[in-house]
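Report on one structure; see the data block that follows.
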Amino acid sequence: MTTSTLRSAEEGRRTARRPSPLVILPIGVALILALSLATLCVGTPMLSPVEALSLLISPDGSQTAIVVQTLRLPRAVLAIGVGAALAVAGVVMQALTRNPLADPGILGVNAGASFAVVFAFVVLGVEAFDQTLWFAFAGAAAASVVVALLGAVGTSTSIARLALAGVAVGAVLSGFTQALSLVDPGDYSRIRVWEAGSLAARDLSSSLIALAAIAVGLIIAFGSGRGLNLLVLGEDAAHTLGARVSRVRGLAFVCIVLLCGAATAAVGPVAFVGLLVPHALRRFTGADQPRALLYSSLGGPVLILASDLIARLVIAPRELPLGVVTAFLGAPMLIVLVQRRRRGR
């Protein structure tokens, strides 16, 4: 038996061992619901699951009911949306670049949003979250347009040029952001908190624009699943199989901008989610991009919700920044996954 035959047989056995979506999806949904319920319970005051559900379904007008309705519920909803956005953006970015370790942040979207928010803090004196949300969106959109122009989306060399343009634009904007953050010591602490990421003090009405953009980005991503499946085979193979490569790339770029820009605008830059979740779930999805998108849309919220609970409990009643917790969890997990993959090869 030849080496290629043995390899094909081994891949077939691995595919056969992958759990069915009928098993994975209920587990993912159950984890999201359980962690969301825990988010409603944790805080001051601490509540039992029965009490939290009772106040959520039938609020009695008490201060505790107001806390559950206006603070904890929006926090859980936003965590689900942001987690799904970052994880799905990671899948799209890894398919676009055909690199399982690609991160959606290389397009400079996060850097653009950060620069715009810091500019609003320092230069314009903006303080309200709903106002910084619009600035973050504008910064992410502007950075993405510059990267798209420099990367010449749609050309045969757009992938390499896009990545290089994103890194260059991100580096320049990060430098300006650091310079602005040092102008006024009074704004420095607020800037540090925002750049570390947080779900605190986010009301649902102010977050609706971010959630709407995330919903549009998710629709585009799931609608592009078949095109991404062909794109990961290589440009020549994709052309042969009838894919419109330029269109797939353009939709993937728009999708990443919407998802990363909205998530960053809502909670600040959060590291490792877009890189770790798709990579961790790849053993269950293989090269099937629609399945990777579906699983990651569940895995991302699980990671964000769990990280937020850890951030609130470790030094309670104070909170750790969300981005610190995701980095603390994500870096060791990513190292383990990479080492396992190397040993498997």
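The values are calculated or read from the model by the stated rules, or taken from the named source; none is laboratory data. What you see is a predicted model, and the numbers here were worked out from it, not measured in a lab. Cβ placement follows ideal geometry from the backbone for every residue including glycine, while neighbour counts extend to all protein chains displayed.
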Looking at (1) crowded, with 19+ Cβ neighbours inside 10 Å; (2) modelled with pLDDT of 90 or more, find the lone condition where residue 280 falls short. (2)
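Would you mind finding the one in 38, 52, 34 that is modelled with pLDDT of 90 or more, in a helix (DSSP H, G or I) and within 27 Å of residue 291 (Cβ to Cβ)?
Working: 38 fails: within 27 Å of residue 291 (Cβ to Cβ); 52 fails: within 27 Å of residue 291 (Cβ to Cβ).
After ruling out the rest, the residue left standing is 34.
In region 79-90, is there at least one residue being surrounded by 17 or more Cβ atoms within 10 Å (Cβ to Cβ), farther than 22 Å from residue 252 by Cβ and at pLDDT 90 or above? Show your work before the answer.
Our first condition is that a residue be surrounded by 17 or more Cβ atoms within 10 Å (Cβ to Cβ); within region 79-90, this holds for 79-90.
Restricting the remaining residues to those that are farther than 22 Å from residue 252 by Cβ gives 79-80.
Within this subset, residues satisfying the condition of being at pLDDT 90 or above are 79-80.
Scanning region 79-90 turns up at least one residue that is surrounded by 17 or more Cβ atoms within 10 Å (Cβ to Cβ), farther than 22 Å from residue 252 by Cβ and at pLDDT 90 or above.
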Does residue 213 fit the bill of being of a type outside the set (Phe, Trp, Tyr) and in contact (Cβ under 8 Å) with a residue 40 or more places away in the chain? yes
Complete set of residues in region 309-319 that are within 19 Å of the chain's Cα centre (by Cα) and buried (at least 19 other Cβ atoms within 10 Å of the Cβ): 311
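When the residues of region 173-203 are narrowed to those that are β-branched (Val, Ile, Thr) and assigned to a helix (DSSP H, G or I), which ends up farthest from residue 142 (Cα to Cα)? Give the derivation first.
As a first pass, look at region 173-203 and keep what is β-branched (Val, Ile, Thr): 177, 183, 191, 193.
Keeping just the survivors that are assigned to a helix (DSSP H, G or I) gives 177, 191, 193.
Values: 177: 15, 191: 20, 193: 23 Å.
Step by step, filter region 173-203, then rank; the result is 193.
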Condition first: more than 18 Å from the chain's Cα centre (by Cα) and of a type outside the set (Phe, Trp, Tyr). Can you find one or more residues in region 94-105 that meet it? yes
Of the conditions (1) modelled with pLDDT of 85 or more; (2) surrounded by fewer than 22 Cβ atoms within 10 Å (Cβ to Cβ); (3) of a type outside the set (A, V, I, L, M), the single one that residue 240 does not satisfy is (1)
Against the definition (free of Cβ contacts under 8 Å to residues at least 40 places away in the same chain and out of contact with any strand residue (DSSP E or B) (no Cβ under 8 Å at 6 or more places or on another chain)), how does residue 257 come out, yes or no? no
Checking the conditions here, which among 246, 224, 206 is of a type in the set (Ser, Thr, Tyr), modelled with pLDDT under 80 and surrounded by 14 or more Cβ atoms within 10 Å (Cβ to Cβ)? 206
Does at least one position in region 285-308 carry a residue that is in contact (Cβ under 8 Å) with a residue 24 or more places away in the chain, buried (at least 21 other Cβ atoms within 10 Å of the Cβ), within 12 Å of residue 89 (Cα to Cα) and β-branched (Val, Ile, Thr)? no
So which residues in region 14-31 are in contact with a Phe, Trp or Tyr (Cβ under 8 Å, 6 or more places away or on another chain) and either of a type in the set (D, E, K, R) or assigned to a loop (DSSP other than H, G, I, E, B) (or both), if there are any at all? 18, 19
Odd one out for residue 221 among (1) within 15 Å of the chain's Cα centre (by Cα); (2) over 24 Å from residue 84 (Cα atoms); (3) small (Gly, Ala, Ser): (2)
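When the residues of region 106-118 are filtered to those that are among the small types (Gly, Ala, Ser) and over 15 Å from the mean Cα position of the chain (by Cα), which remaining residue is farthest from residue 174 (Cα to Cα)?
Keep residues of region 106-118 that are among the small types (Gly, Ala, Ser), which gives 108, 111-114, 116.
Checking the rest, the ones that are also over 15 Å from the mean Cα position of the chain (by Cα) come to 112, 114, 116.
Details: 112: 8, 114: 8, 116: 11 Å.
Top of the filtered list is 116.
For (1) over 26 Å from residue 231 (Cα atoms); (2) surrounded by fewer than 17 Cβ atoms within 10 Å (Cβ to Cβ), each residue gets a yes or a no:
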site: 140; (1), (2): no, no
site: 144; (1), (2): no, no
site: 159; (1), (2): no, no
site: 167; (1), (2): no, yes
site: 172; (1), (2): yes, yes
site: 198; (1), (2): yes, no
site: 201; (1), (2): yes, yes
site: 211; (1), (2): yes, no
